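Scroll down for the structure; my scribbles are underneath it.
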Amino acid sequence: MRHVLTADQFTRPDLDRIMQRAAEMEIILKKGGSKMCDGKILGALFYEPSTRTRLSFETAMMRLGGNVISETDVTFSSQTKGEVIEDTIRIVGGYADIIAIRTKIKGEAKIAAHYSPVPVLNGGDGSGEHPTQSLLDLYTIVKHHRIGEEKLKVAFVGDLKYGRTVHSLAKVLHKFDGVELLFVAPEVIQMPAEYINPGDSIYHELTDEILQTVDVIYDTRMQKERFEDIEQFNQVKNAFIFTPEMVNQMKPDATLMHPLPRVNEIMQRVDDLPQARYFEQALNGVPIRMALIAEALEI
Ligand code: CP
């Protein structure tokens, strides 16, 4: 595995291997880290805001004994002087051994990879994909559910049109037998057709029956920054707000996930309920990204 650009690229054996590798990385983390990336440098190019993805990539490289160089604000990048991504990548690929990149433009991580002399890991490209997030999401599901062995009903809720995490995770979950996907969103922000498989179900309301029967709910933020029409955003922004009463309807062993950041779509009073696993989910980003760095560097 060289670049990580889209969830399409993962085969089932790839997914199984990365989950196993992440579990091994958790053991390494508990022992205080390793030196397996001694002398290696991660270039973190983040041209959109990020807390979890950038910092977990950086933590992952440092826990593996490597170093990090970062460009985290496009206003301080030579891109503001007119430099194109192709040139930036050629240069940073000469400084670093591996690059994690987040861009505003769907498909730009793929362009970056084309020009990069080193592996490129897509940390989110506009409203396109977020494939490394889909792996930490899968890792969270694997820890709590017998995916692939038992039937699993997963509901995606919220902004499914612009939310790149759901695009990648739907692609990943489609690779498992026995997984039923429900897409719950107002029509204007429903899942784009390219991510829907025959057998998936479309809903516009989050009904009690859905709450009571699903194994996993994957909630998402309304991506205000990607709406072309602010009125349309205002109409849907409060479409789904998870309350403790709603989450208490879920099965006791069900999982409520969210890639974070959240705004108002999950009340803070939900956080202590057993179904709420979004903070654990975010922490899983470190062992997953350690596994991806090690794989991409062939260590
Ligand atoms: N989940 C996620 O991508 O979070 P950040 O935007 O904070 O990186």
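Phi angles of the stretch 233-245 translate, via the Karplus equation with coefficients 6.51, -1.76, 1.60 and θ = phi - 60°, into HN-Hα couplings of 4, 4, 5, 10, 4, 10, 4, 9, 10, 6, 9, x, 5 Hz per residue; Gly and Pro are given as x.
Looking at the stretch 205-299, the GluC sites (Glu not before Pro) that sit in a DSSP loop and have at most 16 other Cβ atoms within 10 Å of their own Cβ are 205, 228, 298. For the stretch 253-264, the Karplus equation 6.51 cos²θ - 1.76 cosθ + 1.60, evaluated at θ = phi - 60°, returns couplings of 9, 6, 10, 9, 10, 6, x, 6, x, 9, 10, 10 Hz by residue, with Gly and Pro reported as x. For the chain, a Gaussian network of Cα nodes joined below 10 Å ranks 59, 165, 80 by mean-square fluctuation, and the top entry is 80. Distance between the modelled labels on residue 62 and residue 253, one decimal in nanometres: 3.8 nm (7 Å Cα→Cβ projection). What pairs from 110/175; 40/237; 110/161; 31/104; 104/175 go past 32 Å between their alpha carbons? Check vs 32 Å cut-off fails for 40/237; 31/104. To the nearest 10, the accessible area of residue 227 is 20 Å² with a 1.4 Å probe.
Applying a DSSP loop filter and a limit of 14 other Cβ atoms within 10 Å to the trypsin sites (Lys or Arg not before Pro) in the stretch 119-196 leaves 146, 151. Less than 5 angstrom separates the built amide H of residue 68 from those of 42, all sequence-distant by 5 or more or on a different chain. Between residue 193 and residue 77, the FRET efficiency from the beta-carbon distance, with R0 = 25 Å, is close to 0.10.
Calculated FRET efficiency, residue 144 to residue 298, Cβ-Cβ distance, R0 = 35 Å: about 0.65 to the nearest 0.05.
Taking the protein heavy atoms of the chain in the context of the full set of protein chains, the accessible area attributed to carbon and sulfur is 50 percent at 1.4 Å.
With charges only on Cβ, +1 for K and R and -1 for D and E, what is the dipole size of the stretch 161-299 about its Cα centre, in debye, rounded to 20?
Using only the charged Cβ atoms, the result is roughly 400 debye.
Extension gain, residue 230 to residue 55: 0.36 nm times the residue separation minus the Cα-Cα distance gives 60.0 nm.
The values are calculated or read from the model by the stated rules, or taken from the named source; none is laboratory data. Just so we're clear, the structure is a prediction, and the values are computed from it rather than from any experiment. Quick reminder, even Gly has a Cβ in these numbers, built from the backbone with ideal geometry, and neighbours come from all protein chains shown. SASA here: full protein model, heavy atoms, side chains in, ligands and nucleic acids out. Shrake-Rupley method; radii C 1.70, N 1.55, O 1.52, S 1.80 Å.
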